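Structure first, commentary second.
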Amino acid sequence: MHTTEITLEVNGETRSVTVRNADTLLYVLRDKLGLTGAKPGCLNGDCGTCTIDVDGNPMKSCLMLAVEVQEAKITTVEGLKYSSLQTEFVDKFAFQCGYCTPGFIMNANALIKQYPHANDMLIKEWLESNICRCTGYKEIEEAVKSALATAQTVLRQQ
Amino acid sequence: MTIGDSIFRKEALEKVTGTAKYTDDYHSPAMLHAKLIVSPHAHAKIKSIDILEAQKAPGVRAVVTGQAEFPLTGEEIHDRPPIAFGKVRYHGEPVAAVIADTLQLAKKAAELVKVTYESLPVVNSPSEALSTSAPLVHENLGQYEKIQHVFPEPNTNIADRIKIRKGNMEIGWQESEVTVETNFSFGPSDHAAMETRCATAEIRPDGHILISSSSQSPYMIKKLMSEYFDLEAGKIIVTTPLVGGAYGGKVPTQLEIIAYLASKAVGGRPVKVFNEREEDMITSPVHIGLEATVKLGSTRDGKLKAAKLFYTFDSGAYSDKGATISRAAAVSCTGPYFIENIWCDSLCVYTNHPYATAYRGFSHSEVLFAFERTMDVLAEKLGMDPFELREKNAILPGHTTPTEVDLNSSNVGNLPECLRKLKELMKWDEGRFIKINDRKVRAKGISCIWKTSTIDTNASSGVILTYNPDGSLNLLSGLVEIGTGTKTVLAQILAEKMKMDVSQIHVRMEVDTQTMPEHWKTVASRGTYMAGRAVQQAADDLIRQLKDMASRVLVCSPDELEVGYGKVIVKDDPTKSCMIADIAYGHKYPNGNAIGGQIMANGKFMFKHMTHLDRETGSGKPGPEWTVGAQGIEIEFDTRDFTYRILKAYSVIDVGKVLNYKGALGQVMGAMSMGIGFAGREAFIFDRKGKVLNPQLRTYVPPHYGEHPEYIVEFVETPHIDAPHGARGIGEHGLIGMPAALANVLSNAAGINLNQLPLVPELIWKIKTQGVQNDSV
Ligand code: FES
Ligand code: FES
């Protein structure tokens, strides 16, 4: 079995880890680095529970290899600290079992950063890659829209 | 006051920061991993299994195959080998498990296991199962062990038959001036919880068996494992952390048994069995399918006089909860209407499909799809408005249910009020079919709902409360937090009772069957009722103990005291009080003498007067109360390509009392979304040989973000006097009218009878253009 020692930058920390070339980023984050916020839902790109942030873009970590991202800045849900998006998710009851939540939050977080003025269409385009089986999505929509509004206020003040 | 408030769920911060832990999030270097080898056939003899190569593969510690000495398992009928033995009965059935150091190594070795099959003729639907020439899924049905109240019919594919015989059908038909009869069908589908099932097992040197599982029934795992393997129940310890969605699908005990057998094969070392999505969809239990015939008779002015119902549930290869589901279907066989004369046969049949288990609504969305759709067919034949027909027959206090339970103003909610509100919200009087242009129409459709629970008559729930030195309380309940927020509601009930701040209540989210009192199973929308009553009882005991201790400090009789706001106060002289924090661990006198000790209390609850159903007539009382409601859907329908968009989805439900407003709203909207998915799109596609062609979230597509309609949800509050604050069950009800409402609105929009699910445009097109019914899409 071929393994390599690689360095990853995760949540602002440099972490060395020995991986197989075939190890997915999701597997390495969860099983080697103990970052279990990103979840396995399908391991096939169909559900979005494994979504993390790679260089500002939401990525499905089940579809990436750990060896691919040695130069990248990786943020997982554990790296977000009390963002207004997280507060809005709590406030709007945007989750029940919470299993899809890290994925939704990481996806929406990147959306808000890249497109703070996102309209309904764009929000849908981004978030439709994730599945939530518990909520009716309305609560998630409200949370994301509130966080967008906060981001817009911050931008106006700057 | 916290009752009714939208208190955040207690585990909210964990869930948004990624620190919430689910079963698969726990792992240790000591843990081995099992990979299942599953059957590619729906029905086949296992000729041979060659495991030699796999055993030699790197990292492999054991390979387990089915054995004659493994027990047969199943909650009602012991019909299922934990790993297939002799033959396989469904596509996806486990035939072997490879246990290795890592999952990757286990997977690699699994490819080396060679299984030779000889295929057998397949039973691909309930009607095929009932045909006299059908192959038998279980040749030895007559010999299986079973519980008392299930009646398999040997040498057939019938696992159970529940009969309802109410009134006199002859009179019913004589009094009926108009009759309609309709056939319905839909195949199995899936729960598709985002967290796939996962279980670990370990056998300690002292004989303790540690199991961790993403389950709704940790206490049932303990009970069943002890039964199956003749183990001391006290030596089995099951833990369940947070569960990532369940919807009934995590009721059965399946992977836990395989994990235990795997651990046994490697000398007790911990082994994890984790379902990948494909396995989770077909290897583990699914949502039941149904074929139904509904015949209704009424007077010309719409008074229902007779109902003849034939339900055949597709339980798949094993009965699991199929028999109970068929029983629950019989209990609520008519929808929430008063009908004097009812004949119903509800059958649980074996097929070669993945086996079925509980699914949110537990037979109600399935039966109501058939019944409520027939109500619309009848309304049309009578030339009557669908609301009017339902209002005329609505079940009321004073009526009896199909199983002849007498209803009163506490044990059934207010259906006429739900209908009235729904009609107003939907602006029904503005029309239910509006042409927008040449191509598009807007249409509306409705369904009524009702549900009671059909759970074990002796199911119980316990709660333990202990004080912390700061006067805050710990709440321990065996209820599993599967996403419904029930444990937060329990904290609210406790806070209300103790007149304290809900933030001062610490709720243990994880369940551990050794240290926490049993909550039978987290199912049937009964968590709040059962555990809530246990909380109230425990709180009463806490209050009694606090008063007793305080009476010594305040030198008065306990009856002169009042508990609340962190204190025990002398009622007629509030200046005299003592802090709960000061007496929660007993009281120390100035000279050093001390009395008491940590104050703790327990409470328990069991339903009263529940009975089994009579075998010949079905009469009996299976559940404590009926939640009722009315639901509707409004769509925009394209008459050219038969696509449609759900614009609005409505629910008016009599919840008895709202305990946590946003929580309740979330339960209802989420259930509606799931119901819309089931009705509109979700179904397994089987080939002729019973193979599932779409066991993936790419080909089996639940609703995604952005497809959601506008939800309009309102609550009616008719208290159920036995339940905490009068609250009725609510976790499932948003789902159960959605399939019927969607079928009704689409039938209305397309001008045809749509009696199958899922309601994909292709089905509408086929029936519209070719008049094809009863043909699978
Ligand atoms: S686990 Fe990555 S998309 Fe589902
Ligand atoms: S909260 Fe359970 S899947 Fe989204």
>> Please give the charge dipole size of the protein assembly as shown, origin at the Cα centre, charges +1 on K and R Cβ atoms and -1 on D and E Cβ atoms. Round to the nearest 20 debye.
In response: 260
> Relative to the Cα centre, what is the charge dipole magnitude of segment B:460-606, using +1 at the beta carbon of each Lys and Arg, -1 at the beta carbon of each Asp and Glu, and rounding to the nearest 20 debye?
Replying inline: 200
> For B:Lys166, which aspartates and glutamates qualify as cross-link partners when the Cα separation must be under 16 Å and same-chain residues fewer than eight apart are set aside?
Replying inline: B:Glu175, B:Glu340, B:Asp345, B:Glu404, B:Asp406, B:Asp614, B:Glu616
> Across every pair of different alpha-carbon atoms, what Kirkwood hydrodynamic radius in Å does the protein assembly as shown reach?
Replying inline: 28.9
> Just how many pairs of Lys in segment B:460-606 have C-alpha atoms closer than 12 Å, counting pairs that are eight or more places apart or on different chains?
Replying inline: 4
>> At 0.890 mPa s and 25 °C, plugging the Kirkwood radius over alpha-carbon pairs of segment B:350-459 into Stokes-Einstein gives what diffusion coefficient in µm²/s?
In response: 145
> Isolated Cys in chain B by the 4.7 Å beta carbon test?
Replying inline: B:Cys198, B:Cys348, B:Cys418, B:Cys448, B:Cys556, B:Cys578
> If packing is taken as the mean number of other Cβ atoms within 10 Å per residue, what is the order of B:377-383, B:363-369, highest first?
Replying inline: B:363-369, B:377-383
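Over the whole of B:271-279, what's the average partner chain Cβ count within 10 Å per residue? Rounded to a whole number, please.
2
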> What whole number of Å gives the distance from the Cα centroid of segment B:539-582 to the Cα centroid of segment B:245-277?
Replying inline: 49
>> Between B:Gln696 and B:Glu636, what is 0.36 nm times their sequence separation minus the Cα-Cα distance? Round to one decimal in nm.
In response: 18.7 nm
>> I need the GluC sites (Glu not before Pro) found in segment A:62-131, filtered to DSSP loop residues with at most 10 other beta carbons within 10 Å of theirs.
In response: A:Glu71
> What is the magnitude of the charge dipole of segment B:202-278 about its Cα centre, with +1 placed on the Cβ of each Lys and Arg, -1 on the Cβ of each Asp and Glu, and no other charges, expressed in debye to the nearest 20?
Replying inline: 120
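Mind pulling the per residue volume of the convex hull built on the Cα atoms of segment B:482-545? Å³ is fine.
Per-residue hull volume (Cα only) is 95 Å³.
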> Any idea how far the Cα center of segment B:445-477 sits from the one of segment B:178-234, in Å?
Replying inline: 20
>> Straight-line reach only, C-alpha to C-alpha below 13 angstrom: list the aspartates and glutamates that B:Lys47 could link to, leaving out same-chain residues fewer than 8 apart.
In response: B:Glu118
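From the Cα gyration tensor of chain B, with a ≥ b ≥ c the square roots of its eigenvalues, which class applies: rounded if a/c is under 1.5, or else prolate if a/b is larger than b/c, or else oblate?
oblate
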> Assuming R0 = 51 Å, what is the FRET efficiency of B:Arg439 and B:Tyr661, from their Cβ-Cβ distance, to the nearest 0.05?
Replying inline: 0.80
> Averaged across the residues of B:663-676, what count of C-beta atoms belonging to other chains lies within 10 Å of each residue's C-beta?
Replying inline: 4
>> How large are Rg and Dmax for segment A:106-158 when calculated on the C-alpha trace, in angstrom?
In response: 11.3, 38
> So what's the back-of-envelope 222 nm ellipticity for the protein assembly as shown, counting only DSSP H runs of four-plus at -39500 (n - 2.57) apiece and dividing by all residues, rounded to 500?
Replying inline: -8000 deg cm²/dmol
> In segment B:659-729, if every C-alpha pair distance is counted and binned at 10 Å from zero, what percent goes to each bin?
Replying inline: 16, 33, 24, 18, 9, 1
> Going toward the positive end of the dipole of chain B, with +1 on Lys and Arg Cβ and -1 on Asp and Glu Cβ, which of B:Asn124, B:Ala330, B:Phe229 do you reach last?
Replying inline: B:Asn124
> Ranked highest first by average number of other Cβ atoms within 10 Å, how do B:24-33, B:91-100 line up?
Replying inline: B:91-100, B:24-33
> Which of B:Ser503, B:Ile595, B:Val523 sits farthest toward the positive end of the charge dipole of segment B:460-606, with +1 on the Cβ of Lys and Arg and -1 on the Cβ of Asp and Glu?
Replying inline: B:Val523
>> Please give the Cα centre distance for segment B:511-526 versus segment B:739-763, rounded to the nearest Å.
In response: 39
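Given a Förster radius of 41 Å and the C-beta distance between B:His149 and B:Asp559 as r, what FRET efficiency does 1/(1 + (r/R0)^6) yield to the nearest 0.05?
The value I calculate is 0.30.
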>> Positive end of the dipole of the protein assembly as shown, charges at C-beta (+1 Lys, Arg; -1 Asp, Glu), about the Cα centre: which of B:Met426, A:Ala151, B:Val745 has its Cα farthest in that direction?
In response: A:Ala151
>> So if the hydrodynamic radius of segment B:460-606 is defined as the Kirkwood radius over C-alpha pairs, what does Stokes-Einstein give as its diffusion coefficient at 25 °C and 0.890 mPa s, in µm² per second?
In response: 156
> What are the semi-axes of the equivalent ellipsoid of segment B:78-136, taken as the square roots of 5 times the eigenvalues of the Cα gyration tensor, listed largest first and rounded to whole Å?
Replying inline: 31, 12, 10
>> What three numbers, in Å, describe the spread of the alpha carbons of segment B:415-454 along their principal axes, ordered from the longest?
In response: 48, 22, 9
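Throughout, read-outs are computed from the coordinates displayed, never taken from laboratory work. Remember, predicted model here, so these are calculated numbers, not experimental data. Positions of Cβ are backbone-derived with ideal geometry, glycine not excepted, and every protein chain shown enters the neighbour counts.
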